[in-house]
1. Which ³J(HN,Hα) values in Hz, rounded to whole numbers, follow from the phi angles of the range 237-253 under the Karplus curve 6.51 cos²θ - 1.76 cosθ + 1.60, where θ = phi - 60° and Gly and Pro get x?
2. So what's the projected area for the range 154-202, the Cα convex hull averaged over all directions, in nm²?
3. Would you mind working out the accessible area per residue for the range 230-270, using a 1.4 Å probe, and quoting it in Å²?
4. Collect residues whose amide H, placed 1.01 Å from N in the peptide plane, falls under 5 Å from the amide H of residue 38; neighbours closer than 5 in sequence don't count.
5. When the Karplus curve 6.51 cos²θ - 1.76 cosθ + 1.60 is applied with θ = phi - 60°, which whole-Hz ³J(HN,Hα) does each residue of the range 95-101 get, with x for Gly and Pro?
6. Of all trypsin sites (Lys or Arg not before Pro) in the range 129-203, which ones are in loop regions per DSSP and have a Cβ with at most 11 other Cβ atoms within 10 Å?
7. Mean shadow of the range 144-286, computed from the convex hull of its alpha carbons, in nm²?
8. Using only the alpha-carbon atoms, how far is helix 274-285 inclined from the longest principal axis of the chain? Give it as 0 to 90 degrees, nearest 10.
Amino acid sequence: MSPINVWLLSDGAPGHLSQSRGIVDALATRRAVEVTTVELKVRSTLWKRLGRLALPRIRDAAAWFRRIYGVAPPPGRPELIVSSGANTLLANALLARLHRVPNVYSGTLKGYDPAAFDCVFSVVPLGVACNHVLPLPPVPGELARPLPAAPGGERLIAVLIGGDGAGYAFNDEDWRAFADGLATLARREGARLLLTTSRRTGAAAETLLRENLPAELLADAVWWSQAPRKVMRDFLAAAQAIVVTEDSLSMVAESLYSGRPVLSVAPAVAQPNANDGAALQGYVERGLLARTPIAGLADAAFPSRTAAIPDVQAEIAEVVLPLLERSAA
């Protein structure tokens, strides 16, 4: 069988691209795929808003695509369209309508017409017919399988740190309390820390963490604003447990997929949207995650028993393949 020609629409956000790649990689476990990544940038927010409202009645999909994204639709014809991220929703629907091919989206619909999508993957129910609820969000294939047991020897805890965003706001006191809580947790667990900050953390927060975390408790540390290194997967593989700030659901998901016990932490100001909050609570209810405010980190415990990691790739493939088969019939 010839490879499936997939158009992956990208708004440039790493978390959205990760989910789209997760869907494509899941399909690739069953069929050969040929992926074309289509980079998109909304040029007219006015036309985008109008397009969302008019979507059920749009007939000239190519013209609307040009108005909103400032370019003509890509040449050629896909067999499947995949995307994640609000700025790709309209492109996903318009290109599927233009080429009369199935389309898949990962995330919430943000008020868009659900009839314009063949399947919408989410981790909380959306209450629409095209929705398929997954136990964890899609991630690229190399991240979708639990890691082998950590090497023996020194006990290590991976610490993945984000920053402001998605309803979470960290202040200086949060960062000091985070450092103190991590130190207490590490000593209680008889462990050292593999710590990495990220682009969102910022130099000021990194300074506070470095000043308040005893150096002897750090087995390795990446201070992103000074010397960025992509170490997340290596740190997760080496660690026996994980602490992650819950402002990034992508970091939380990658931590959960590792199969390690995961503890997520939140600052005093933590107001995730309803979807993100429900997703985190769902992970807790399935035994995948324990949550704590930063102020309670010193007394928090990792999940006592790690639940089995679901085979999300298989679930995605079993949903998407019938869409392609119906389209080809």
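1. My calculation for the range 237-253 gives 5, 7, 8, 8, 7, 9, 10, 9, 6, 8, 5, 10, 5, 5, 5, 4, 4 Hz in order.
2. Details: hull surface 14.5 nm².
Hull-based average projected area comes out at 3.6 nm².
3. Working: 1030 Å² over 41 residues.
Dividing the accessible area of the range 230-270 by its residue count gives 25 Å².
4. 8, 9, 10
5. So the Karplus estimates, Gly and Pro as x, are 5, 5, 5, 4, 9, 6, 10 Hz.
6. Numbers: sites: 155, 176, 187, 188, 192, 199, 200; in loops: 155, 199, 200.
The qualifying sites are 199.
7. Numbers: hull surface 33.2 nm².
With the hull built on Cα positions only, its mean projection is 8.3 nm².
8. 60
The values are calculated or read from the model by the stated rules, or taken from the named source; none is laboratory data. In this text the structure is predicted, and so the values were computed from the model without any measurement. Quick reminder, even Gly has a Cβ in these numbers, built from the backbone with ideal geometry, and neighbours come from all protein chains shown. Accessible surface areas use protein heavy atoms only, side chains included; no ligands, DNA or RNA. Shrake-Rupley method; radii C 1.70, N 1.55, O 1.52, S 1.80 Å.
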